[in-house]
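Notes to accompany the following structure.
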Amino acid sequence: MSQASLELDCREMLCPMPVIELARHLADVPVGGTIAVLATDPAARVDVPAWCRMRGQEYVGEVGAPDGTPTYVVRRVS
C-alpha cells in the first residue's frame, strides 16, 4: 500500500474519537488522497469502515504500523 496523504495518530483514543478525528481531517486531503488512522481501540476496526459506508468514502483496508498498531486506511472520494 502506498504512503498515505495524511496519518492520524489516534492511539489510546476511545470510541468514537478516532472516527471524529477522521471526519475532522477528511477535507485536509485532496479527493483521491488517503488518510491512515492509527487506532488501538478495538472498536475502530468496525467504526472506520461503517463511517466510510455512511459518508460515501472508500475504506481501503487495515494494515499494521511498524510498531504493530492497527492502521485503517480511507480514500477520500468526495
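Would you mind putting 42-52, 64-74 in packing order, based on average other-beta-carbon counts within 10 Å, highest first? Each step should come with its number before you reach the end.
Working: 42-52: 17.0, 64-74: 15.5.
Per-residue Cβ counts within 10 Å, averaged per peptide and sorted highest first, yield 42-52, 64-74.
Using the 1.4 Å probe convention, the accessible area of the chain works out to 56 Å² per residue with neighbouring protein chains retained.
Suppose a student asked you for the relative contact order of the chain, using Cα pairs under 8 Å spaced at least 6 residues apart; what percent would you report?
Working: 141 pairs, mean separation 26.0, N = 78.
Rounded, it is 33 percent for the chain.
Expressed as a whole percent, the accessible area of the chain that falls on carbon and sulfur atoms is 55 (1.4 Å probe).
Only helical DSSP H runs with n ≥ 4 go in: add -39500 (n - 2.57) per run for the chain, normalise by residue count and round the 222 nm mean residue ellipticity to 500 deg cm²/dmol. Intermediate results must be reported in sequence, preceding the final value.
Numbers: 2 runs with 21 residues, N = 78.
That comes out to -8000 deg cm²/dmol.
I need the peptides 4-12, 32-40 ranked by packing, meaning the mean over residues of other C-beta atoms within 10 angstrom, with the highest value on top. Kindly include the intermediate steps, with their values, before the conclusion.
Numbers: 4-12: 16.4, 32-40: 19.0.
With the highest mean Cβ count within 10 Å placed first, the list reads 32-40, 4-12.
Checking (i) 75; (ii) 57; (iii) 53 against the coordinates, the calculated percent of Cα pairs over 14 Å apart falls under label (iii).
The values are calculated or read from the model by the stated rules, or taken from the named source; none is laboratory data. Quantities reported herein were computed from a predicted structural model and do not represent experimental measurements. Glycine also receives a Cβ, built like all others from the backbone with ideal geometry; neighbour counts cover every protein chain displayed. Note: accessible area is taken over every heavy atom of the protein model, side chains too, but ligands, DNA and RNA are not part of it. Shrake-Rupley method; radii C 1.70, N 1.55, O 1.52, S 1.80 Å.
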